[in-house]
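> I'd like to ask you about the structure that follows.
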Amino acid sequence: MDRDSAQMPRGLRSDQFSGLLLVALALYIGWANLEYPIGSLSEPGPGYMPLLLAIFLGAMGLLIAFWGGYSRPLRDVRWPEAVRAAIIIVACGVGAFALERIGYRLTVIGLMIFFLGVMERKKPLPVVLVAVGFGVISFYVVADLLNVPLPRSPWGL
Amino acid sequence: MVETFNNLMLGFSIALQPHILVYAFAGCIIGTLVGMMPGLGPLAGISILLPATFGLNPIVAIVLLSGVYYGAMYGGSTTSILMRIPGEAASVMTCVDGYEMTKNGRAGPALAIAAIGSFFAGTVGVIGLMFLAPTLAGWALRFGPPEYTALLMMGLFILAYMSGGSMLKTLAMAGLGLALGMVGIDAMSGYTRFSFGIVELGDGVGIVPVAVGLFGISEILITAGAATADNVQRPKLRDLIPSREEFGLSVGPIARGSLLGFLIGIIPGSAHIISSFVSYGIERRLSKHPERFGQGAIEGVAGPESANNAAASGAFVPMMALGIPTSPVTAVMIAAIMVHGISPGPLLMTQQPELFWGFVASMYVGNVVLLILNLPMVGLFVNLLRIPYSYLYPGVLCFCILGTYSVANSLIDIWIMLIMGALGYVLRKFHYDLAPVALGLVLAPILELSLRQSLAMSAGNYAIFVERPIAVTMFALGLIMFLFAIKPLIFKRGKDWRRDVGLEGAEEN
């Protein structure tokens, strides 16, 4: 935690924020753990260890927040690539949804076309060549040469 | 000694079989390429290749994967030296002086010293593994649940102490990893915990989706859109020879880095990363001209590169002798062995000597392969660095999806990977170290089982941990480390040795 930033303006600090999030997570784990028996010290139940961990995580979160007064202000945390990162995550999520429905090759070709053509705005011909080449060759190497089963589309692709 | 020599001969008789040599070569080449790609470190590379080893025999599988591990460690240094891009985290310190040497026209000697240092350190590490692992395994046969609990707790405290960033954040991340490890069926009671009705989560959260998400996907999310340097030097073979002075300056750092790296490697945590930071700090302090560091000092390449490679070997000691993974990489390696019905641990060396000694011998072979392969072929490998990152990262993403899915043919694993990728991205923004999450996840089942068994043995009396000599010693060591670690937090003027050895920079990297 950077003590050099002590002169910075008032407001919630990054470590205070992240510490409080950890406390919230610990409270959630503790609440969800109510479903499982804690047992006794001589016979700890399935809820025993999660309870200990929730207490530990909460304590760490509180300490991080407590000592976080000297960390940088929360508003100084920059997220310039956040939109791009979110698009990548969503695209991969769509890919995961499609994988067992349309098969590995079509999914990968679709993902590559999206990333190269839409996000990176490359020219159509190289995009198609790279996407199809990557999809077909990686399938051949992994599924055919290394015998790792990969999903195929209903049309055999 | 004679027995060790005979066992080693048995190992070489296995490792020098032509088909195993082919896999060692393949592993080293794949690893080097993987290590050179930003976003694909050794862990992601091994995870992606893991499913392909399911059909191989266990010796071949572990030889291939350890080749990938070493290759990736070396590949990371190539991009650090030539482009100032650490292919993987352990190469961050190599960037500092390695790239300065490249700017001064000394890229070739920097690469050569990195390779020679890696070879020497790898060999020292293997010798250490050969002598230490059997001794440790014999000792570990005396371990019961309290000793295992104490060992794991000590490991977590040492991890927090050695961590480059905030100790509290490291412990919090270890706690988060342990909490993730609670998902799934409880081995002692049969309860399914925190599964949200998802059947696949009954088996728990796998290390591969978590590791690939935290390290691979989060790296891509942070760097996607970044431009890569288009002017990459291609050193020729004759440019690689270091001068007599450069060689002389490197001998000490290589020897010290090898020893230090191996010792740090045995300790749980991101040993290869920590060891390179510590080695750089030590070399800077020992140097008669510390002002040269950061300006292209060859000691700044030799020390960290040797240390991170020795640490990679050191990490195999507790894995092989105790069956305890001390890093995410060794956790995936254990998974690779267990797929074949073999459990690493104290009995491995007596029950499966050909596996253990074949593995040790293959490490020797792998080090030689890396040395003779990478230096002459460095000009060829750097061609990979000419591929624009905008073409590279979609391919890496597809490999991450492919590798994660094919471990268990589970879409849930891909979702976990994506969630972990997003989580890793956010945590990195707040300067949290991610390795303890993966480590906590793999240690959670062992820690929970040993803690509950210990309490059951003692009828709920926690004094069992202080009544047994081995357990109390390990707890005391862990506690001392913990007290040392919190000292700078309480006494603000307290001097923290980590700052002296350069670890203060680890958090920012």
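> Taking a cut-off of 16 Å, what percent of all Cα-Cα pairs in segment A:46-136 are separated by more than that?
So the portion of pairs separated by more than 16 Å is 71 percent.
> Next question, about the same structure. Just how far, in whole angstrom, is segment B:265-325 from segment B:170-222 if you go by their alpha carbon centroids?
Answer, in whole Å: 30.
> Can you give the percent of C-alpha pairs in chain A whose distance is more than 18 Å?
That fraction is 74 percent.
> Could you pull out the trypsin sites (Lys or Arg not before Pro) across segment A:86-157 that fall in loop regions by DSSP (anything but H, G, I, E, B) with no more than 15 other Cβ atoms inside 10 Å?
Passing sites in segment A:86-157 are A:R121.
> Take segment B:20-111, compute every pairwise Cα distance, and split them into 10 Å bins from 0; I just need the percent in each bin.
That works out to 21, 42, 25, 11, 2, in percent per bin.
> Rg(Cα) of segment B:2-495 divided by 2.2 N^0.38 Å?
0.94
> P(r) of the protein assembly as shown in 20 Å steps, Cα pairs, percent per bin?
Here the calculated profile for the protein assembly as shown is 19, 55, 26, 1.
> Report the Stokes-Einstein translational diffusion coefficient (µm² s⁻¹, integer) for segment B:296-376, Rh taken as the Kirkwood radius over Cα pairs, at 37 °C with viscosity 0.692 mPa s.
231
> Can you list the chymotrypsin sites (Phe, Trp or Tyr not before Pro) in segment A:127-157 that are in a DSSP coil and have 11 or fewer other beta carbons within 10 angstrom?
Taking segment A:127-157 and a limit of 11 other Cβ atoms within 10 Å, the loop chymotrypsin sites (Phe, Trp or Tyr not before Pro) found are A:W155.
> Of B:W357, A:W79, B:W415, how do they rank once you tally other Cβ atoms within 10 Å and put the fewest first?
Ordered from fewest to most neighbouring Cβ atoms within 10 Å, B:W357, A:W79, B:W415 come out as A:W79, B:W415, B:W357.
> Something else: With n ≥ 4 as the cut-off for DSSP H runs, can you work out [θ] at 222 nm for the protein assembly as shown, using -39500 (n - 2.57) per run divided by the number of residues, rounded to the nearest 500?
That calculation yields -21500 deg cm²/dmol at 222 nm.
> Sticking with this one: Using +1 on the beta carbon of Lys and Arg, -1 on that of Asp and Glu, and nothing else charged, what's the dipole of segment B:2-495 about the Cα centre, debye to 20?
I would put it at about 1140 debye.
> Now, a different point. Rounded to the nearest 10 degrees, what's the angle between the helix A:48-66 long axis and the longest principal axis of chain A, both from Cα atoms, 0 to 90?
Around 80 degrees separate the two axes.
> Cut-off 10 angstrom, C-alpha nodes, Gaussian network model of chain A. Which of A:L12, A:L20, A:L145 fluctuates the most?
Looking only at A:L12, A:L20, A:L145, the biggest GNM fluctuation is shown by A:L145.
> What does the net charge come to around B:G440 if you take all other residues with beta carbon closer than 12 Å to its beta carbon, with K and R at +1 and D and E at -1?
My count for the surroundings of B:G440 gives -2.
> Across every pair of different alpha-carbon atoms, what Kirkwood hydrodynamic radius in Å does segment B:245-401 reach?
Kirkwood hydrodynamic radius for segment B:245-401: 17.9 Å.
> Return a whole-number percent for the relative contact order of chain B, with Cα pairs under 8 Å and 6 or more residues apart as the contact set.
29
> Hey, what's the Kirkwood Rh for segment A:3-76 if you take every pair of different alpha carbons, in angstrom?
13.6
Here, each number is a calculation from the coordinates, and none is a lab measurement. What you see is a predicted model, and the numbers here were worked out from it, not measured in a lab. Every residue, glycine as well, gets a Cβ built from its backbone with ideal geometry; the counts of neighbours run over all protein chains shown.
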